[in-house]
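The values are calculated or read from the model by the stated rules, or taken from the named source; none is laboratory data. Just so we're clear, the structure is a prediction, and the values are computed from it rather than from any experiment. Note: ideal-geometry Cβ built from the backbone for every residue, glycine included; neighbour counts use all protein chains shown. Calculation scope for accessible area: heavy atoms of the full protein, side chains included, ligands and nucleic acids excluded. Shrake-Rupley method; radii C 1.70, N 1.55, O 1.52, S 1.80 Å.
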Amino acid sequence: MKKRVWNMMTKWTAVLMSVCLLCGVVCSAAPQIEKSGDMRAYKSAEISFVMADRAAYNDRVWQALSKGMKDMEKSIDLSSYSVTADELLSLLNRMIVSDPFLFHIKSQYNYNEGVYDGLVKEVFFDYKYSKSAYNSKVAYIEKTAGRIVSGVQPTWSDAEKALYLHDYIAANFEYDIVNHSADVYTFLAEGRGVCQAYLLLYGYLLDLVGIDNSPVISDRMNHGWNQVRIDGKYYHVDITWDDPVVDSELGLAGFTGLVNHDYFLVSDQKIREDHTGYETDYTCASTIYDNRKWSEVESSFVFLNGKWYCYRTGGIYIYDFARDAFTMEHTVNDRWEVSDRPGYYYNASYSGLSLFDDKLVYNGPNAVYSYDPANKTVRSLYVSNEIEGQIFGSCVDQSKLTCYISKSPAEYGYLKTMRLEEADGSGKKVFVDVVADDWFYSAVDYAVEHKLMSGVSDTRFAPEEDTSRAMLVQVLYNLEGNPPVKISEPFTDVKPKEWYTQAVLWAYEHHIVSGVSAREFAPEDNLSREQFAAILFRYAAYKGIDTTERAELSSYDDASKTSSYAVNALSWARAKRYITGHAGTNLIDPDGEASRAQMASILMRFAKDNTEAE
């Protein structure tokens, strides 16, 4: 962000694949050599494997690999495609930066190569998740992305659609300097990611609204962005560099709600001013958008009643897309004071612009307001009493308001999140990854309010993350008020003074849990749905709750997968409707991992059903 007083940090991540070959003899009808590849670093030249004269051929290989990986096949037969190892690596490079649903593949892969022809016969992959966990994360991506693109209006031009999606991502997400998360699932669930996550999400959203796009990778910069086709011509869009950050001694933080437009729909000529070392699928020769006045705007563009609005220094403006011109709509005189120099003010504005209840939402240094263009009225939505700083940016997504609080635009700050109807701060806990139309919304609300569960941070609940065996036991132990334990450690993998030690000992003492073996409890292992049912079943018996009710499990297609020890427990949990089959399927999924959202839902049903018993 070139006009601000803080430092802009170059953002990048090194992402994918570099090959290393390990040879060994494999017996088959035709001699083959077993080799391995490593998907952790790439070079931009390798991305150019999809060439025009082999497009149809590559498409067939692409489809075979894509289907196999999404079906989580351990091996994929490529013997009929005449693919070399270098071509396989190059194609995988391209797929990883083009397909948002390939986040589940582990970096290391193996392949068999023909001894005589040097062609890949078969490729082998390992996966990070179970099939059910992967499908759950895919469904989350599809649902969240669908909600985002639902704000796109069909009457908009492609440039307007591209602008809306660009601004949504820059306003609602921030660069991840800590974990360097590069996949779309983590980006959507946690709100943080590196350039690969930005380009993957933007590309996917553009696909959903029918706009052609292509990834661009710079090996020299360790950076990536998008090419976007508007009215038959391609342009560069780098949302990562349009998402302002502050680089301070304490770390890197994103300015929620603030959006730059310096790298939106720019030409090759413009992007080459500070982007180097890349190759592209398409030439971006057109310069018609290079000098657009939207580069002066540092908020989202918001569409309301047929007009585009934005926030610039001085207030809210109407933007005429066709004429590239601004008209003042509402004057704002707020100024942000320099914290250590009373009476001095920054010469910039730090307000986001959002839409809520058909009104424009913006912020001053100490409050958030709504403005109604229809009757020119302003009302206060939230007045900050934060002693740690001023509001340097705000954003509304659905009814959720997020403000960035800091002492100055050059210092590390924090996010404050609330629902607008509870913006006085007296309302319930609000998480940025739980929204009103999520199936688990009421369950999370209940679980947190009744102290059954808490968030993984002040602003995140992580509903799609897996739960562990220790986590459930700790929840039940908390419900009992953390009573004293009278036994010593029966398990070798439950060490003294771990956060879950007392909970596991208590549960074992009262026959609520047993180990995965005589001496092991596996506290950090993911909790399966049938394990959840078994532990809850025994806990109910411990509490004196009737556990005799049963439901028939045989109607489920996967009922036979239920372990013998869990049949009665799962049948009881199904009868009580604590655990149900997956929506849209005939699966009870006994061995599938239980997510935090599922845990909240099951605990809520159990608690509501047994209030008197408890």
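Pairwise Cα distances in the stretch 539-593 exceed 13 Å for 59 percent of all pairs.
Under the classification rounded if a/c is under 1.5, otherwise prolate if a/b is larger than b/c and oblate if not, where does the stretch 457-607 fall, given a ≥ b ≥ c as square roots of the Cα gyration tensor eigenvalues? Cα axes put the stretch 457-607 in the prolate bin. Rounded, prolate or oblate, given the Cα gyration tensor of the stretch 476-542, with a/c below 1.5 counting as rounded? Cα axes put the stretch 476-542 in the oblate bin. Summing charges over all other residues whose Cβ lies under 15 Å from the Cβ of K233, with Lys and Arg as +1 and Asp and Glu as -1, gives -3.
The alpha carbons of the stretch 510-568 occupy a box of 35, 28, 17 Å along the principal axes, longest dimension given first. Taking every DSSP helix (H) stretch of at least 4 residues in the chain, weighting each as -39,500 (n - 2.57) and dividing the sum by the residue count yields a mean residue ellipticity at 222 nm of -8000 deg cm²/dmol. Given a 1.4 Å probe and the protein chains as shown, S555 ends up with an accessible area of around 70 Å². Based on Cα contacts under 8 Å between residues 6+ apart, the chain shows a relative contact order of 9 percent.
Among 60-73, 306-319, sorting by the average number of other beta carbon atoms lying within 10 angstrom of each residue, highest first, gives 306-319, 60-73. Would you please give the FRET efficiency between K376 and V138, computed as 1/(1 + (r/R0)^6) with r the Cβ-Cβ distance and R0 = 51 Å, to the nearest 0.05? E between K376 and V138, to the nearest 0.05, is 0.65.
For the stretch 378-507, the convex hull spanned by the alpha carbon atoms encloses 162 Å³ per residue. Per-atom-type breakdown for the chain gives carbon and sulfur 47% of the accessible area (1.4 Å probe, protein chains only).
Annotation: per residue accessible area for the chain equals 43 Å², rounded to a whole number [probe 1.4 Å, protein chains only]. For the stretch 325-337, the Karplus equation 6.51 cos²θ - 1.76 cosθ + 1.60, evaluated at θ = phi - 60°, returns couplings of 9, 10, 10, 4, 10, 8, 7, 10, 9, 4, 9, 9, 7 Hz by residue, with Gly and Pro reported as x. Going by the alpha-carbon gyration tensor, a ≥ b ≥ c the square roots of its eigenvalues, is the stretch 101-203 rounded (a/c under 1.5) or, if a/c is not under 1.5, prolate (a/b greater than b/c) versus oblate? Taking the square roots of the gyration eigenvalues as a ≥ b ≥ c, the stretch 101-203 is prolate. Sorting the segments 101-109, 217-225 by their residues' average number of neighbouring beta-carbon atoms within 10 angstrom, most packed first, yields 217-225, 101-109.
Measuring r between the beta carbons of K608 and S457 and using R0 = 35 Å, the FRET efficiency lands at 0.85. With the convex hull drawn around the C-alpha atoms of the stretch 519-614, the volume per residue stands at 108 Å³. Extents of the stretch 321-407, largest first, come to 42, 30, 21 Å (Cα atoms, principal axes, whole angstrom).
For the stretch 167-288, the calculated P(r), taken from all Cα-Cα distances in 5 Å bins from zero up to the bin holding the longest distance, is 2, 12, 21, 24, 21, 13, 5, 1, 0, 0 percent. The structure shown yields log10 I(q)/I(0) by the Debye sum over Cα atoms at q = 0.07, 0.12 Å⁻¹, and of the options [x] -0.53, -1.27; [y] -0.46, -1.36; [z] -0.58, -1.28 that calculated value carries the label [x]. Put the Cα centre of the stretch 466-488 next to the Cα centre of the stretch 551-592 and the gap is 25 Å. Accessible surface comparison of M471, M95, probe 1.4 Å, protein chains only, largest first: the order is M471, M95. Computed with a 1.4 Å probe on the full set of protein chains, the accessible area for E273 sits at about 130 Å².
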